[in-house]
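Peer 1: Sharing a structure, written as structure tokens. Questions coming.
Quick note: the coordinates plus some simple rules give every number you see, no bench work behind them. What you see is a predicted model, and the numbers here were worked out from it, not measured in a lab. Because the Cβ atoms are built from the backbone with ideal geometry, glycine has one as well, and the counts that use them run over all protein chains shown.
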Amino acid sequence: MLFPEAQVRIWLYTQPADMRKSYNGLSALVKQKLQEDPLSGQLFVFINRKRTQMKVLYFDRSGYCIWGKRLEQGLYHFNAQSGIKSLLSWTDLKLIIEGIDTTSIQRFKRYKRQ
């Protein structure tokens, strides 16, 4: 399991991704479609069309890492807002991994440092 630092940004690619892609293919998606730098240390989350597989691409000081998960039952649920990418919090990513629908969650106001 990966444990990102609090300041690391997590980007969800909201379009279906080809899970046959590996390091080079996913980093090309990050550059071309998300318009982000794959070497930045940010996390990039990709989910397939069936919503049964997930890959997370990130760069950790010396090379690319891919974390992957395939569900044996059920689907990944996420809020596919307009646009090609969506910024997630670490909590949102954990909820998606655990199978909780992030669109039906009631969020209460909390202090957030600027």
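Peer 1: How would you classify the chain from its alpha-carbon gyration tensor, with a ≥ b ≥ c the square roots of the eigenvalues: rounded for a/c under 1.5, else prolate if a/b is greater than b/c, otherwise oblate?
Peer 2: On the way: a/c = 1.58, a/b = 1.15, b/c = 1.37.
In terms of gyration-tensor shape, oblate.
Peer 1: Report the charge-dipole magnitude of the chain in Debye, nearest 20, computed about the Cα centre from +1 at each Lys and Arg Cβ and -1 at each Asp and Glu Cβ.
Peer 2: Details: 19 positive and 9 negative charges, 40 e Å.
About 200 debye.
Peer 1: Of 49, 61, 70, which is the most mobile in a GNM of the chain whose springs link Cα atoms less than 10 angstrom apart?
Peer 2: The residue that fluctuates most here is 61.
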